[in-house]
Amino acid sequence: MADLVSSKVIRLQINGEPYEVEVATRRLLVHVLRDDLNLTGTHVGCDTGNCGACTIHLEGAPVKSCMLLAVQADGAAITTVEGLAVDGELTPLQRAFSEQHALQCGYCTPGMLMSASALLEANPSPSEEEIRVALQGNICRCTGYWNIVEAVQSAAGAGQAS
Ligand code: FES
Ligand code: FES
C-alpha cells in the first residue's frame, strides 16, 4: 500500500542556528519545534489558535505556531523563547516578569514573552492599552494580567525593549 503521508525537507533559521528537517506536510510548526527539534520552551495550550502559548517570532512578527504548517515556514527566520536570553543572561523583559511576579504556573509565559518582546521592538514605549491589545491573543489562567502588564511597562520604562 502506498505511503499516504507526504513529507518535505525544510530549512529554518532558528535562534540564529540553521536547521534542516524532514517533516510530514501535515505537521504543525509547533509540533516540529517541540518534538523534532526539542525546543520545548514553546508550549501547546490549545492547538486551535486561542491561547497564545505557542507564540514565536516568524521573520520578526509574533505568530501562533499552531496555526502554521511547518512547510509554510520553509526558509524563514524564527525566534523561540529559547532565543531571547543571550549566553544564559535573561533579557530585561524576562527579568521584569520575574521581578514583577508576572507568572505563576508559567504555562503562558513563553507566549507572553514572545508577544511582549515583539511589541517592545516595534513600540519601545507602549501605553497600557497598547500592551493589553498586543497581549490580547495570549491567555493566562493564573495572574489576572495586572502583573504581566506591569512587567512589560517596567521593561519599557527602563528603555530596554526585549
Ligand atoms: S497552542 Fe497555539 S494558540 Fe494555543
Ligand atoms: S501563569 Fe499560569 S497560565 Fe499564566
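Listed values, structure above:
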{"quantity": "Cα gyration tensor shape of the range 1-65, rounded if a/c is under 1.5, else prolate or oblate by comparing a/b with b/c", "calculated": "oblate"}
{"quantity": "Simple Cβ-charge dipole of the range 58-162, Lys/Arg +1 and Asp/Glu -1, about Cα centre, in debye nearest 20", "calculated": "300"}
{"quantity": "The range 23-162, relative contact order in percent, only Cα pairs under 8 angstrom and at least six apart counted", "calculated": "26"}
{"quantity": "Calculated [θ] (222 nm, deg cm²/dmol) that DSSP helices of n ≥ 4 give over the chain, each run adding -39,500 (n - 2.57)", "calculated": "-7500 deg cm²/dmol"}
{"quantity": "For the range 41-88: rounded, prolate or oblate by the Cα gyration tensor [a/c cutoff 1.5]", "calculated": "oblate"}
{"quantity": "Per-pair calculated FRET efficiency, R0 = 25 Å: Asn15 and Ser125 via Cβ, rounded to 0.05", "calculated": "0.40"}
{"quantity": "Stokes-Einstein translational diffusion, the chain - Kirkwood Rh over all Cα pairs, 0.890 mPa s, 25 °C, in µm²/s", "calculated": "152"}
{"quantity": "Derived scalar couplings ³J(HN,Hα) [the range 9-16; Karplus, 6.51 cos²θ - 1.76 cosθ + 1.60; whole Hz; x for Gly, Pro]", "calculated": "7, 10, 10, 10, 10, 10, 6, x"}
{"quantity": "Cβ-derived FRET efficiency at R0 22 Å, Ser98 paired with Asn38, nearest 0.05", "calculated": "0.35"}
{"quantity": "Percent RCO, i.e. relative contact order, over the range 6-45, from Cα pairs under 8 Å lying at least 6 residues apart", "calculated": "29"}
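Just so you know, all these numbers are worked out from the coordinates, no wet-lab data involved. Keep in mind that this is a model prediction, so the values were computed, not measured. Every residue, glycine among them, receives a Cβ derived from its backbone with ideal geometry; neighbour counts consider all protein chains shown.
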